[in-house]
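Structure, as structure tokens:
The values are calculated or read from the model by the stated rules, or taken from the named source; none is laboratory data. Bear in mind the structure is a predicted one, so any value in this text is a computation, not a measurement. Don't worry about glycine lacking a Cβ; one is built from the backbone with ideal geometry, like all the others, and counts go over all protein chains shown. With ligands, DNA and RNA removed, areas are computed over all heavy atoms of the protein, side chains included. Shrake-Rupley method; radii C 1.70, N 1.55, O 1.52, S 1.80 Å.
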Amino acid sequence: MAMSQLQKDVEKLINSAKLSDAVQDVDRIIDLLSEARESVAAANDPHATSLTLTKLQNPIRERLDSLNNDLRGVHKAQKDFEKALKAAFSKAKGSLPIDHDPMESHETLINRAIAMHLLREGQFGVASTFINEAQPQPRPTPDPSTQLSPGSLGAPLSGRSAPTDEIITDAEIPTDLNAWQSQALQSAFAEMYSILSSLKAHDLYPAIKWARANCTELEARGSNLEFELCKLQYIWLFKGSAFNGLPSDSRNGVLGALQYGKENFGRFQTRHLKEIQKLSCALVYSSNLGMSPYQSIFDIPLAFEEVSASFTREFCSLLGLSAESPLYVAVTAGTLALPQLVKYTTMTKAKNTEWTTANELAFETPLPKSMMYHSIFVCPVSKEQTTEANPPVILPCGHVLAKESLQKLVKGSRYKCPYCPSEGTLKDAREIIL
């Protein structure tokens, strides 16, 4: 309940503590001053200058008052959230232990996660500053061949380019913070954000070009990204200039889609023949597509958002990375689990008991499905959760037990399944991964 209320407070903060209004007021003040400067320069008359400055006073004062009001609103929203945050966590009596920090010896991993998160978000300048300040010793002289210059770190994403053949594997991801400033790594993320920016503007060609250049790796992963991009481009052209805003010529509309399909769909026939046939048959219903059997295929309100997510996932996978920032996932999961951890710690202190198992907790921590990366199996015999040392095994009859439970059932060289009449030998059991 407390976390639900806290989530509402976060949404309230996001909606209230906006600096956009303040930025608009500042921009307007700058515009007024610029206009006054141009007017004074054009008149070249002391009397006109005095008159211009007099007229400028009231508009500037109004904008400054509006700016102060906007900033007061932001400050108030932040203070309200601070109170809500204290109230939410003060309700959970007790606190987490502070005598031992399990992450104390992993400072390098923490710094790496932060640097990686900043790079994934395209914050190259902030990442560079963090890496510089996180160094425990004086940094060596940068190598121009592997370092980005300070000026290039702040360059617009659209001005960046990266060689598409420089794919970074997980084994090549550096652990040394200095190596995080490598040209290849930052250029890769710059390229990703440049393509995502194009997708946001409904321009599919940069993403299609990238998918085509990396088609071998994508096909090896069983990815359909290239076809999905080409399919969306076909639909985008099919809908015509009234929908896509492109010039009304032979490269747009039904004829443009037909020509695009002829040029690009041939290489996908082996895996996507049925979908290509549906896209082609829709040409017959172009004048009345809404009443055709293919209406759902061409209904694409969220198509660009979905294909952007697919592109991000595939791009990161070729870099050996997850689609979401591990730091974001860890912080979010930790925030959701914190109330249960505080409650459990308080209870164990009251009962003078402690949980000593290193790899699991004594209670379930509910997390959303998006943060479930593997299933958990509890042995029906021992009622214990399986681990790497005690993995689940499947018997020929189909029942699954923990390995240690099966070993306790063995008599001589044979065992009897505890759930059916089947018998077998220990070598008949196979370890499985759920």
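Rolling a 1.4 Å probe over the protein chains gives R72 an accessible area of about 140 Å². Heavy-atom accessible area for D299, with the other protein chains in place and a 1.4 Å probe, reaches approximately 100 Å². Using the Cβ-Cβ distance between K83 and L53 with R0 set to 56 Å, the FRET efficiency works out to roughly 0.80. Net charge of the neighbourhood of F81, taken over other residues with C-beta under 12 Å away and scored Lys/Arg +1, Asp/Glu -1, is +2. Computed extension length for N68-S280: 70.4 nm, one decimal, from 0.36 nm per residue of separation with the Cα-Cα distance subtracted.
A Förster radius of 56 Å combined with the Cβ-Cβ distance from N390 to Y205 puts the calculated FRET efficiency at roughly 0.60.
With a Förster radius of 25 Å applied to the beta-carbon distance between S296 and N15, the computed FRET efficiency rounds to 0.15.
For the pair C420 and S370 in one chain, pulling the backbone fully straight at 0.36 nm per residue adds 14.4 nm over the alpha carbon distance. Using a probe of 1.4 Å, the accessible surface attributed to K351 totals some 140 Å² when neighbouring protein chains are kept in position.
Computed extension length for D31-V331: 103.8 nm, one decimal, from 0.36 nm per residue of separation with the Cα-Cα distance subtracted.
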